[in-house]
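Reading through the structure tokens given below for one structure.
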Amino acid sequence: MIKQTLYNKNTLKRNIKRAMKINCLLRIKGITQQQIAKELGLSYVWVSNVINGKGHNEKIENWLKENLGI
């Protein structure tokens, strides 16, 4: 149980750091999550969930790699 709790805390920290980095880069480039969603034909909520580590989508992950280098 302790191992699982530590894993969850580490995963949460990693997700928060990743989301902060992505949102910072988006702000610098003047891009909104809604613009990404529209470009990819997905919902804004789905884009937000992937950025915040609550979901996974190849289209969004590829967009982030190509446009932000993440």
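Check GLY53 against each of (1) at pLDDT below 95; (2) surrounded by fewer than 13 Cβ atoms within 10 Å (Cβ to Cβ) and name the one condition it does not meet. In the conditions (1) at pLDDT below 95; (2) surrounded by fewer than 13 Cβ atoms within 10 Å (Cβ to Cβ), GLY53 misses (2) alone. For LEU64, the conditions (1) modelled with pLDDT of 95 or more; (2) of a type in the set (A, V, I, L, M, F, W, C); (3) over 13 Å from the mean Cα position of the chain (by Cα) are fulfilled apart from (3). The single residue among ILE31, ILE36 that is in contact with a helix residue (DSSP H, G or I) (Cβ under 8 Å, 6 or more places away or on another chain) and not in a loop (DSSP other than H, G, I, E, B) turns out to be ILE36. Can you tell me which residue in the range 33-42 is nearest to LEU12 (Cα to Cα), limited to those that are surrounded by 13 or more Cβ atoms within 10 Å (Cβ to Cβ) and without any contact (Cβ under 8 Å) to a residue 12 or more places away in the chain? The selected residue is ALA37.
Picking from residues in the range 43-70 that are part of a loop (DSSP other than H, G, I, E, B) and not polar (S, T, N, Q), the one that is farthest from LYS13 (Cα to Cα) is GLY69.
The values are calculated or read from the model by the stated rules, or taken from the named source; none is laboratory data. Computed from a predicted structure; not experimentally measured. Please note: Cβ atoms are built from the backbone with ideal geometry, for glycine as well, and neighbour counts cover all protein chains shown.
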